[in-house]
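Participant: Before anything else, here's the structure in question.
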2 protein chains.
Amino acid sequence: MSTGDTGREAERGTERDYVQSLERGFAVLLAFDEEMSTPTLAELAAKTGLSRPAVRRLLLTLQRLGYVANRGTRWSLTPRVLTIGQHYSATNARIGLAQPHLLRLAERTGESASLAELDGAEVVYVARVPVRRIMSINVTVGSRVPAHATSMGRVLLAWAGPAAITRFLEETPLHRHTPRTITDPADLRMALAEVREQGWAIVDGELEEGLVSASAPVRDRTGAVVAALASSTSAGRLAPERLREETVPLLVETATAISTELGWSPRTPPVVRDGFF
Amino acid sequence: MSTGDTGREAERGTERDYVQSLERGFAVLLAFDEEMSTPTLAELAAKTGLSRPAVRRLLLTLQRLGYVANRGTRWSLTPRVLTIGQHYSATNARIGLAQPHLLRLAERTGESASLAELDGAEVVYVARVPVRRIMSINVTVGSRVPAHATSMGRVLLAWAGPAAITRFLEETPLHRHTPRTITDPADLRMALAEVREQGWAIVDGELEEGLVSASAPVRDRTGAVVAALASSTSAGRLAPERLREETVPLLVETATAISTELGWSPRTPPVVRDGFF
DNA sequence: GCAGTTTGTACGCACAGCGTACGACCGCCG
DNA sequence: CGGCGGTCGTACGCTGTGCGTACAAACTGC
């Protein structure tokens, strides 16, 4: 193999205290996607850049563990892959606690309710009560959307701390998804300040045309914002003004209720985590 | 849980064409659970039975990949773990296709709707529209429940093929969860025959007291049953008789609609996959 | 029949990954 | 203050895991 990287550390897998085979195993597992839903071994080898025997060994291992299966020469993922995520939900009490609140919020607003967290420059849905299909993509728990163009992302970034915000703005290209998407770092910084001031965010059609969502922060006992609660609708169903007047109060109320269950009190001094984003 | 090794060979991991490090990496990842949500390195080593340096190498690798993070000496999973499951959903068209049908079913019945698949002796939720919290455990996509005590499991087993059914009955202890749980293999076999005959299943309080659910099969273009559609409620809200009269027709109609979208036609001769369960 | 393209597998070598062993760094208590 | 029990980091030499090359075998099309 010899990635030939004696240079100034291209920082690929080859490094001390790093288990190459684990990275490779994930590479194979994640190589399954909509374009390659039932690949052959050779296709996987091509996609991952690994040798055919290596992929074979990894596949056989994953098969043993129950994550892949093969029918003839074609391989596919098994539903067990979905179960891996349960370990995240199980280790974070807030997700289970939030569920009833999400249900109630969805009932009261008649719209989908979501809870999301920040992972890098993206937002990951960690709990969700769908009511109606409004986005072109099918959003489920585990789905990722860019942070800068969503109300949940704005909320999470707003309270991520100054260093994290600066780092985010420096490192993340703000892709334009619709004509309304904020793509200027300075503009986004201002938008975040506004969110911090008012205590919630509304984003109107910046990720997808006609998609409007509102979001409010969920805090843990230390006062740090650990998740964002959101209600999404299509612009046709509910004008942004009505969203602000009717939905936002419910949203803030619900987010506060979840925060309270997490041990937060309104008197808790706000804490910024920083360092991460 | 290690289903069917080819014979003697109890042999854990150590075998040709097997990547030990990958298995160990998963062991570390899955060691995070409700009892150990933010473990220390030493705790993980104890739980997995691996040496401390080994766990450290694996953790650092997982951290690089973005699946774990550490705050001081405590480690935790990141929401990225949830995203792994997306690769399963993305590779199985039926899940995306079913979503609108699930929403509509939940709307029409006023109860939670679920789609599930068989994985070993358990059933895995692969799509879900929650309406109300009825189970004591929080059911989400990726959750697992025993096949023998649920309507979805009954449906999936019923059409899994005779060999698979026999193997299931031989290998799986039918745990009693409530006084009503069927725990006798012969009884379960008869129940499955009944399900096959009538084309749907109702299970009343066999997994959890007061929990009733109905389920119907979803078929792919080959006619094989690939998933089960279910509607669940609490016995207090809806008597089993009314479930049969009102919900089952909707359920069967919806399951047929999904099957049709998957390319199945009522004229397709029924095919059994067998071999797996 | 024979090329072309696939997949499965044997095998010997190298280095990735292993665990032992040791040292640093806490906080606690005498 | 110093010893003690707990944590973690890491140096290091050895082993065997996991590596890719190379070849066999199966299937496909003409």
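The values are calculated or read from the model by the stated rules, or taken from the named source; none is laboratory data. These numbers come from a predicted model, not from an experiment. FYI the Cβ positions are ideal-geometry reconstructions off the backbone, even for glycines, and counts take in every protein chain you see. All accessible areas refer to the heavy atoms of the entire protein, side chains included, with ligands and DNA or RNA removed. Shrake-Rupley method; radii C 1.70, N 1.55, O 1.52, S 1.80 Å.
Participant: On the accessible surface of segment B:20-83, probed at 1.4 Å, how many percent belong to carbon and sulfur atoms? Please list the in-between numbers first.
Facilitator: On the way: 1290 of 2750 Å².
Looking at segment B:20-83 in its full context, I get 47 percent from C and S.
Participant: Between A:Glu43 and the same site in the other copies, what are the distances in nm, shortest first, taking label points 7 Å from Cα along the C-beta direction?
Facilitator: 4.2
Participant: Additional query: Angle check, please: helix B:52-65 long axis (alpha carbons) against the longest principal axis of chain B (alpha carbons), in degrees 0 to 90, nearest 10.
Facilitator: Computed tilt is about 60 degrees.
Participant: Okay, moving on. Classify segment A:128-231 as rounded, prolate or oblate from the Cα gyration tensor: take a ≥ b ≥ c as the square roots of its eigenvalues, call it rounded if a/c is under 1.5, otherwise prolate when a/b beats b/c and oblate if not. All intermediate terms of the calculation are to be shown ahead of the outcome.
Facilitator: Details: a/c = 1.74, a/b = 1.15, b/c = 1.50.
Since a/c reaches 1.5 but b/c is at least a/b, the shape of segment A:128-231 is classed as oblate.
Participant: How big is the A-B contact in terms of buried accessible area, both chains counted, 1.4 Å probe, rounded to the nearest 100 Å²? Mind showing how you got there, number by number?
Facilitator: On the way: alone 15460 and 15510 Å², together 24800 Å².
Buried area between the two chains comes out at roughly 6200 Å².
Participant: Relative to the present Cα-Cα distance, how much length would full extension add between B:Thr178 and B:Ser136 at 0.36 nm per residue of separation?
Facilitator: Working: separation 42, 0.36 × 42 = 15.12 nm, distance 1.35 nm.
13.8 nm is the gain from fully extending B:Thr178 to B:Ser136.
Participant: Let me ask something else about it. Once a ≥ b ≥ c are taken as the square roots of the eigenvalues of the Cα gyration tensor of segment A:86-261, is the result rounded (a/c under 1.5), prolate (a/b larger than b/c) or oblate (a/b not larger than b/c)? Don't skip to the end; give the middle numbers.
Facilitator: On the way: a/c = 1.41, a/b = 1.11, b/c = 1.27.
The shape class here is rounded.
Participant: Go through segment A:131-148 residue by residue and turn each phi into a ³J(HN,Hα) via Karplus (6.51, -1.76, 1.60, θ = phi - 60°); whole Hz please, and just put x for glycine and proline.
Facilitator: Each residue of segment A:131-148 in turn: 10, 7, 7, 10, 8, 5, 7, 8, 8, 9, 4, x, 5, 10, 9, x, 5, 6 Hz.
Participant: Mean-square fluctuation check for chain B, GNM, Cα pairs under 10 Å: which of B:Ala113, B:Ala93, B:Ala257 is largest?
Facilitator: B:Ala93
Participant: For segment A:20-78, treating each Cα as an identical point scatterer without solvent, what Debye log10 I(q)/I(0) comes out at q = 0.12, 0.15, 0.28 1/Å?
Facilitator: Cα-only, vacuum Debye calculation for segment A:20-78: -0.21, -0.34, -1.33.
Participant: Let me ask something else. What spacing in nm lies between the two simple spin-label points modelled at B:Glu245 and B:Met190, each 7 Å away from Cα in the Cβ direction?
Facilitator: Roughly 2.7 nm, to one decimal.
Participant: In addition: Just want to confirm a number: the relative contact order over segment A:86-261, from Cα pairs under 8 angstrom separated by 6+ residues, in percent.
Facilitator: Values: 321 pairs, mean separation 38.3, N = 176.
Here the relative contact order equals 22 percent.
Participant: A follow-up question, please. Per residue of chain B, what 222 nm ellipticity follows from adding -39500 (n - 2.57) for every DSSP H run with n ≥ 4, rounded to the nearest 500? Numbers along the way, then the final one.
Facilitator: Details: 10 runs with 107 residues, N = 277.
About -11500 deg cm²/dmol.
Participant: Accessible area drop of at least 50 Å² (1.4 Å probe, protein heavy atoms): which residues of segment A:88-113 qualify, relative to the chain alone?
Facilitator: By number: A:Tyr88, A:Thr91, A:Gln99, A:Leu103.
Participant: Starting with the highest mean, order A:148-159, A:16-27, A:77-88 by the number of other Cβ atoms within 10 Å, averaged over the residues of each peptide.
Facilitator: Working: A:148-159: 27.6, A:16-27: 18.1, A:77-88: 24.4.
Packing proxy ranking, top to bottom: A:148-159, A:77-88, A:16-27.
Participant: Can you tell me which of A:Leu41, A:Leu103, A:Leu229 moves the most in a GNM of chain A? Springs connect C-alpha atoms under 10 Å apart.
Facilitator: Checking each option, the largest mean-square fluctuation is seen for A:Leu41.
Participant: From the Cα gyration tensor of the protein assembly as shown, with a ≥ b ≥ c the square roots of its eigenvalues, which class applies: rounded if a/c is under 1.5, or else prolate if a/b is larger than b/c, or else oblate? It would help to have the intermediate numbers written out before the result.
Facilitator: Working: a/c = 1.70, a/b = 1.16, b/c = 1.47.
Oblate, because a/c is 1.5 or more while a/b does not exceed b/c.
Participant: Once the Cα atoms of helix B:185-198 and of chain B are each reduced to a long axis, what angle between those two axes, in degrees from 0 to 90 to the nearest 10, is obtained?
Facilitator: Orientation of helix B:185-198: about 50 degrees from the principal axis.
Participant: Also, quick follow-up: Please compute, for peptide B:129-139, the average count of beta-carbon atoms on other protein chains lying within 10 Å of each residue's beta-carbon. Present the calculation step by step, with values, prior to reporting the outcome.
Facilitator: Numbers: counts 4, 9, 5, 3, 3, 0, 0, 0, 1, 10, 1.
Across the residues of B:129-139, the mean count of other-chain Cβ atoms within 10 Å is 3.
Participant: Tell me the angle of helix A:20-30 to the major Cα principal axis of chain A, expressed in degrees between 0 and 90 and rounded to the nearest ten.
Facilitator: Once rounded, one gets 70 degrees.
Participant: In a Gaussian network model over chain B where Cα atoms closer than 10 Å are linked, find which of B:Glu246, B:Glu43, B:Glu194 has the largest mean-square fluctuation.
Facilitator: So, out of B:Glu246, B:Glu43, B:Glu194, the one fluctuating most is B:Glu43.
Participant: Here is a further query. What average count of beta carbons from other chains do you get within 10 Å of the Cβ of residues in B:36-46? Don't skip to the end; give the middle numbers.
Facilitator: Working: counts 1, 6, 2, 1, 0, 0, 0, 0, 0, 0, 0.
Averaged over the peptide's residues, the number is 1.
Participant: Now for a different question. Skip the ligands, DNA and RNA, and give the accessible area per residue of the protein assembly as shown with a 1.4 Å probe, whole Å².
Facilitator: Working: 24800 Å² over 554 residues.
On a per-residue basis, 45 Å².
Participant: Something else about it: Ignore the peptide's own chain and count Cβ atoms of other chains within 10 Å of each Cβ in A:245-252; give me the average, rounded. It would help to have the intermediate numbers written out before the result.
Facilitator: On the way: counts 0, 0, 0, 0, 0, 0, 0, 0.
Per-residue shielding by partner chains comes out at 0.
Participant: Just to confirm the numbers: A:Asp184, label point 7 angstrom along the Cα-Cβ line, distances to the other copies in nm, shortest first?
Facilitator: Ordered by increasing distance: 7.8 nm.
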